[in-house]
């Protein structure tokens, strides 16, 4: 894992325990090597990530007699565990994947941060536990058999990502966000250490809440600027990253390096110019990476190699190329990720908040008939089917589905047909602790811990760290998340305005023209490639005679998707992306394909044609090139 830690390596083993660590040096460059252990070597620790409140915790521990030997933030966990036991994890404000060996109690602990910003995988066969920040660090043990996890495959086809604890490899697990694993001679147990904040409505006004939130954002950004190396910022043309930049520049004595990706004039929703304007407003040193559409073919397979898991997002290749440029300048970047899930920034939250009022229309069948007649409106079709579901867990499952349970059941063949995994079971696990809240708040809570943690944050970490860059998310600071999740819905979505208080707070720092820019998300022009060139690539990869898709899904079903997409009757970009991603990762993880092996079987796509401007809606880039939300 040298890409995750090119600066140093540390190995310690004794008896049945071995810890290995690759270091990306950010705090205490000279003395912060790992593994770390106490004076008597009774407690060892390795940790990936950053603990933003480590100075405050260090002061508390020093007052209790603890003596530190480094300036490392991870050493705080070592002493904190000796002082507070398992309670240390809930005191941490940061992003982390941590392992602790407690020699006194002969037990191993694994812990993942409150929202799963950092990954942590493990394999427990009842005799040994292997763990790491990447699957390959575990899979390097050749004694572990490689087999497809049928439940993981089925859940991926539903969600378009792999919800924790599932992976595509049988026996390999992801520790869920805010959880820890305790393993000793009696076996292993996974338990939750981070519990949801209860909503409180203290009668505060919108102005009071806005004031407090704005101050929390500033404190969060200042905390996450902590570093012994320069910190930059990933900047889009939107409000969230601009808000983070404004706070960062207030706290910094020197200009912040900002980075954005652009696609040129062929893409109507290119945000590069807006990002450059925002950077100039705050005196940032701006860097722009320009990508052409043909970059997709040569980099998508590489991004799947770095991710080790299939994903639905088509922005992965752009994110990986962007952070490759970032690595030439800084080791750490702040991002604006997370506000949409916390503050209801996606259209699906409008449906959940007000959908009950429209169910009479759905029950009448008129909306379903309309959706069936609109070939490009797959998102609308999904929304109609979801809103028609009265049970909240089933409705949440329908909101996020790529393939419906009925489609999967009809198309499943071979090993996949043996799986009985249900998306509702995964959702219900996260829904149960907040089932007393209104259903809008339940959906937000679940999305933060599923689609955010296991999709957006997952690929943000994997792809940035593939280029030795640490991506931080100040809008998901622990203190800030607790505050936002304690607010009632009216502060998040008011009328049709999502992120209500968040946007009011942002407006205190940003000019009006920035606040009025349309929301594009991290949109890319890959839909053009899908419309023109994907079917040939799909046939050569997904429909290959020995493909994993062919082994697990009906050939007629797969071919029908392609033909229907080509005909224009339905836009199947999402399911086709999911199948391509699934096939590539299966070949890499299960067949041992190296990056480039699969792409060699695909002819170079034809020169991409410009999408006619008449087909692009100025206020809704998702109308044809559907946004990942």
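Projected onto its three principal axes, the C-alpha set of the range 390-468 covers 43, 39, 17 Å, listed from the longest axis down. This ranking places 22, 147 by how few other beta-carbon atoms lie within 10 Å of each, fewest first, which gives 147, 22. Segment residue 208..residue 106, full-extension length gain: 31.7 nm, with 0.36 nm per residue of separation and the alpha-carbon distance subtracted.
From the mean inverse distance of alpha carbon pairs (Kirkwood) and the Cα radius of gyration, derive Rg over Rh for the range 8-192. Don't skip to the end; give the middle numbers.
Details: Rg = 16.6 Å, Rh = 17.1 Å.
Rg/Rh for the range 8-192 comes to 0.97.
Scaling against 2.2 N^0.38 Å puts the C-alpha radius of gyration of the range 115-199 at 1.16.
Suppose we take every Cα in the range 72-128 and form the convex hull; what volume per residue is that in Å³?
97
Look at where the Cα atoms of the range 1-43 and of the range 138-206 average out, and the two centres are 25 Å apart.
Take every Cα pair under 8 Å in the range 8-192 that's 6+ residues apart, average their separations, divide by the length, and report that relative contact order as a whole percent. Before the final figure, lay out each step's value.
Numbers: 337 pairs, mean separation 30.0, N = 185.
This gives 16 percent for the range 8-192.
Only counting other Cβ atoms within 10 Å, I'd like 146, 517, 496 sorted with the fewest neighbours first. Intermediate values should be presented prior to the final figure.
Values: 146 14, 517 17, 496 9.
The most exposed by this proxy come first: 496, 146, 517.
With the Kirkwood sum run over all distinct C-alpha pairs, the range 184-273 has a hydrodynamic radius of 17.2 Å. Short-range pairs are left out: with C-alpha atoms under 8 Å and at least six residues apart, the relative contact order of the chain is 17 percent. By the beta-carbon count within 10 Å of each Cβ, the least crowded to most crowded order of 490, 137, fewest first, is 490, 137.
Find how many whole Å separate the alpha carbon centroid of the range 58-96 from the alpha carbon centroid of the range 213-291. Cα centres, the range 213-291 to the range 58-96: 32 Å. Using the Cβ-Cβ distance between residue 285 and residue 30 with R0 = 35 Å, the FRET efficiency computed as 1/(1 + (r/R0)^6) comes to roughly 0.80.
For the chain, report the translational diffusion coefficient in µm²/s to the nearest whole number, using Stokes-Einstein at 4 °C, 1.567 mPa s, and a Kirkwood Rh over Cα pairs. Let's see the in-between values first.
Numbers: Rh = 25.3 Å.
It comes out at roughly 51 µm²/s.
Throughout, read-outs are computed from the coordinates displayed, never taken from laboratory work. Values in this document were obtained by computation on a predicted structure and should not be read as measured data. We place every Cβ from the backbone using ideal geometry, glycine too, and count neighbours over all the protein chains shown.
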